[in-house]
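Visitor: Before we start, here is the structure in question, set down as structure tokens.
Just so you know, all these numbers are worked out from the coordinates, no wet-lab data involved. Source: prediction; values computed, not measured. Cβ placement follows ideal geometry from the backbone for every residue including glycine, while neighbour counts extend to all protein chains displayed.
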Amino acid sequence: MTYVHIGGDRLSQKCYEAIILNGFRIFRNMEAIVGVPLSQMWTVAKYVLTQRAKRVKRYPLVLMLEPLFRCNLACAGCGKIQFPAHILKQHLSPEQCFQAVDECGAPIVSIPGGEPLLHPQMPEIVAGLVERKKYIYLCTNAILLEKHLKNYSPSKYLTFSIHLDGIREDHDAAVCRDGIYDKAISAIKAAVKAGHRVTTNSTLFENAEPERVRQMFDELAELGIESMMLSPGYQYEKAPDQEHFLKRNETIQKFRKILATPKKAWKFNHSPLFLEFLKGNWELECTPWGNPTYNIFGWQKPCYLLEEGYADSFAELMNSTSWERYGRKSGNEKCRDCMVHCGHEPTAVDQTFSSWKGFLKVVSLTLFGARDSHKPLPQPSQENIPAPHYTVADHELVQLHSVNETECKDDVEVLNLSN
């Protein structure tokens, strides 16, 4: 008989399956609260159950598939597009994407960038992932979305995740270009009308005003989107703006105000434990292998946020990375203030299914909601001394300030680049 261990208790797999099934009967209203289809929640639950039944210690939950780095924006807080021009012109082939997805095996695939809609074969990539029954979050700034909607069929497996960092003035300032908020809102309306799943993703920094963020929640709720994702920004060493990243105590203080007494219309694409973590009410250590990253260089070590080498295969990534060097408890200063969702959501999901404490906390939060916290804030961390933004001569590096909206047809198309 196969057994599953939950917080020191050994249960038969059938017993554990019954617990999960009854849990999802309780959580049937969770689809309305969290904004994630029950079929997706159940797929993830079965996947986690299978890994635990096999006694797999480390397993991926979401593959971060970066098919290209080029972008048609140059956001102040972004550290992902600072590459030489010849790198920005490259992209993964559909076959490379499929191989990475099959090799990793995670049930969810997030496609960030760069701007994925600049990839000339993105419809083919998405179709291949839908065929594999992977739940896809295609992240986009939405500049090109309305133009390309006709290339994508609505599916429960495909979600357009629209980048929005605030109301009109705040978002346009964050992406360093006027008019982008209005383009994003127009694209959201068009995608929802066409029958697509639509979410938003928002990265918040020190200058985010809680009341204005809550105003954004209200505006988005009226558009009929499925849910919203939130995360504090990570202090990328290459990001142009190094002044507005949040320290850990600042993150908690800000998110307590943002998430205080949430309205019923607000739906967040997060586990309840992660939202409690952002408010300082629940401890989560980073799970860096939970969201592995694959891009044109290979499998990025150790995580989506840190770039400390590459592996040739997923197995090599998992087996050769010194995981104990990462996470807040490791003492690594690069991890000290990080509370980003890509490292901590996998921990929240694992705790939900690996401990009675986590499971019952999720039940309580789902049925009765969260309470405002009065816990003391953590002590402020010491100031980071930012590393140089670039690792090669500045004149060899470029940021894309704009790309002609006719998408790139091949790797040698001339891009509008600015040093």
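Visitor: Taking amide hydrogens as modeled 1.01 Å from N in the peptide plane, which residues meet the under 5 Å criterion relative to MET229, leaving out close sequence neighbours?
Guide: THR200, ASN201, SER202, ASN269
Visitor: So which GluC sites (Glu not before Pro) in region 257-303 pass both tests, a DSSP loop state and at most 16 other Cβ atoms within 10 Å of the Cβ?
Guide: When the GluC sites (Glu not before Pro) of region 257-303 are filtered for loop state and at most 16 Cβ neighbours within 10 Å, GLU283, GLU285 remain.
Visitor: Still on this model: My understanding is that a pair violates if its Cα-Cα distance is over 30 Å; which of LYS189/LYS263; LYS156/LYS361; LYS257/LYS361; LYS54/LYS263; LYS46/LYS147 do that in this structure?
Guide: Long pairs (Cα-Cα over 30 Å): LYS54/LYS263; LYS46/LYS147.
Visitor: Let me ask something else about it. Run through region 141-173 and list the chymotrypsin sites (Phe, Trp or Tyr not before Pro) located in a DSSP loop whose Cβ has at most 14 other Cβ atoms within 10 Å. Before the final figure, lay out the partial values.
Guide: Numbers: sites: TYR152, TYR157, PHE160; in loops: TYR152, TYR157.
Sparse-neighbourhood loop chymotrypsin sites (Phe, Trp or Tyr not before Pro): none present.
Visitor: Moving to a separate point now. Using 0.36 nm per residue of separation minus the Cα-Cα distance, give me the extension gain between TRP356 and ASP372 in nm, one decimal. Could the numbers behind the result be given before it?
Guide: On the way: separation 16, 0.36 × 16 = 5.76 nm, distance 2.29 nm.
Separation in residues times 0.36 nm, less the Cα-Cα distance, equals 3.5 nm.
Visitor: For ARG248, ARG70, ARG325, what's the fewest-to-most ordering of other Cβ within 10 Å of each Cβ?
Guide: So the ranking, lowest neighbour count to highest, is ARG325, ARG248, ARG70.
Visitor: Let me ask another. Share of antiparallel DSSP beta bridges in region 110-239, in percent to the nearest 5?
Guide: Of the beta bridges lying entirely in region 110-239, close to 0 percent run antiparallel.
Visitor: Of HIS86, HIS171, HIS91, how do they rank once you tally other Cβ atoms within 10 Å and put the fewest first?
Guide: Values: HIS86 11, HIS171 21, HIS91 26.
Fewest-to-most Cβ neighbours within 10 Å comes out as HIS86, HIS171, HIS91.
Visitor: On a C-alpha basis, how far is the centre of region 274-331 from the centre of region 75-140 in Å? Whole number, if you could?
Guide: Between the Cα centre of region 274-331 and that of region 75-140, the gap is 18 Å.
Visitor: I would also like to ask the following. Among SER202, SER39, SER271, what is the fewest-to-most ranking by other Cβ atoms within 10 Å?
Guide: SER39, SER202, SER271
Visitor: Can you compute the FRET efficiency between MET41 and ASN332 using 1/(1 + (r/R0)^6), with r the Cβ-Cβ distance and R0 = 30 Å? Round to the nearest 0.05.
Guide: Details: r = 32 Å, r/R0 = 1.08.
For R0 = 30 Å, the calculated efficiency reads 0.40.
Visitor: Next question, about the same structure. Looking at region 118-167, which trypsin sites (Lys or Arg not before Pro) are DSSP coil and have at most 11 other C-beta atoms within 10 Å of their C-beta?
Guide: Hits after loop and neighbour filter: LYS133.
Visitor: If you don't mind, another one. Between LYS57 and SER93, what FRET efficiency follows from the Cβ-Cβ distance if R0 is 35 Å, with the result rounded to 0.05?
Guide: FRET efficiency, LYS57 to SER93: 0.60.
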